[in-house]
1. With every protein chain kept in place and ligands, DNA and RNA left out, what is the accessible area per residue of region 132-227? Probe 1.4 Å, answer in Å².
2. Keeping the other protein chains in place, figure out the carbon and sulfur percent of the accessible area of the chain, with a 1.4 Å probe.
3. Label points 7 Å out from Cα along the Cβ direction at Lys147 and Ser166: separation in nm?
4. Rounded to the nearest Å, what's the spacing between the alpha carbon centres of region 290-333 and region 150-183? Just the number, please.
5. Less than 13 Å Cβ to Cβ from Leu358, Lys/Arg counted +1 and Asp/Glu -1: what total charge do the surrounding residues give?
6. How large is the charge dipole for region 157-300, taken about the Cα centre, if only the Cβ atoms of Lys, Arg (+1) and Asp, Glu (-1) carry charge, to the nearest 20 debye?
7. Lys and Arg at +1, Asp and Glu at -1: add these up for the other residues within a Cβ distance under 9 Å of Glu13 and post the number.
8. Students often forget the sequence filter, so: which lysines lie under 21 Å Cα-Cα from Lys266 once same-chain residues fewer than 8 apart are removed?
Amino acid sequence: MKLIASQRAVHVEVCVKLLPGKRLEQMQAAIDGPLRDILKVKQLPFNEIIKLPKEEIEDESLQCVESILLECEAKKDGELLSADDFDFLVFHYYWPQIRSMELEMFETDTESESIPASSHWLLPCQPFVGLWENLIYDSGSKEKLLKFALSALLFSQHNVNSNIISCNRLILLHGPPGTGKTSLCKALAQKLAIRCRPIFRHTHLIEINSHSLFSKWFSESGKLVMRLFAKIKEIIEDPHSLVCVLIDEVESLAYARDCMSGQEPKDAMRVVNALLTQLDNIKEHPNVLILATSNLADTIDLAFLDRADIKQYIGLPNVLAIRKIYESMLMELVRVGMIDGNSSLQGDDKHEGLLIELSKRSKGLSGRTLRKLPFLAHAAHAFNVDFDCTAQISLADFLDSMLQALEKHHEDRNLMKTKKSE
């Protein structure tokens, strides 16, 4: 397994289109040499998914290359690959699965009904392509998480004695709602599927549906947890498969037992006990990584928190991160032709001033809320009543519309707070 050995390591993720009758290893052998030659001539930017123009590709073997992503901890976004970087190139070839997500259903004992117990993806998959790159946090947050996950898997592959060095391979992301914790877990699993392919031929992401297990079938929740983990163990038995188990809003299944009152159903405690027991059982397998998220970390059982190797806080974006989020959304609207592509955020004082003002006034909002604003701005203030798909909005007008949409959001939120306090 190749890890980030230094800050200068340059990871080259190559997404390919699988050809009929060809294995990925065969395509990799044919692509590797010509691709290195291309990189020596064409200076590609870091941290941007780049598609090679088909008309510029002379070698036919490169026609199957869908996109290239260069990543390096020591490089800034947009910085160009230089000749000095070639001694540090680490290539990762992959092709995304197009198979859709599968829903695991369980029959209940008391009623002839089924419940959605978990969602199952085979990674890397097409819906998660670009997810990691488009999640914007404080500098270094994603890289820290990736390095931890890779180190945890490396320790397990070396069979490090857990009685001497403890590593449960359990990551807990906590923070306010809407900050992208679940998306980050999915993006991390996708990134591991790409980076760890030399060791694990397949990567599975299994997301446990905590809310379904704790609905009207509450009395059966403990049994359902054990049945679900029994199914997960069947997949874990394959040592060539990496299994990432995502427990979203884990407080639903691991509510603090010392906070339970005498009126709490006994099943609530049984669920916590069952979850902890199953986590202890599956960690004996070296090919498992547990990812958990929580909006209410202070309500999680202490025994679960103690098992977490890293507890990373994912907070609301700062002004710099907000600006990057806005820039990425505006660039996407330019790409698809909804905003006039002749306008630029760079070098235009008016656009720059509007973007700075928008970013400052958006402080305190979650990433989820920020990513809704372009749609709300378009729907409320910039919609073309003729439904003309060829019409474009100027960048300045759209930034004005976003400021109006932001003000409307603040007004609605303050009104809800006022109504709630009455």
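The values are calculated or read from the model by the stated rules, or taken from the named source; none is laboratory data. Just so you know, these numbers come straight off a predicted model, no measurement behind them. Ideal geometry is used to build each Cβ from the backbone, glycine not excepted, and the neighbour counts take in all protein chains shown. For accessibility, only protein heavy atoms count, side chains too; no ligands or nucleic acids. Shrake-Rupley method; radii C 1.70, N 1.55, O 1.52, S 1.80 Å.
1. Value returned for region 132-227: 41 Å² of accessible area per residue.
2. 52
3. Output for this residue pair reads 2.3 nm.
4. 15
5. Once all neighbours under 13 Å are counted, the net charge is +1.
6. My answer is approximately 420 debye.
7. Neighbour charge sum, excluding Glu13 itself: +1.
8. Lys216, Lys223
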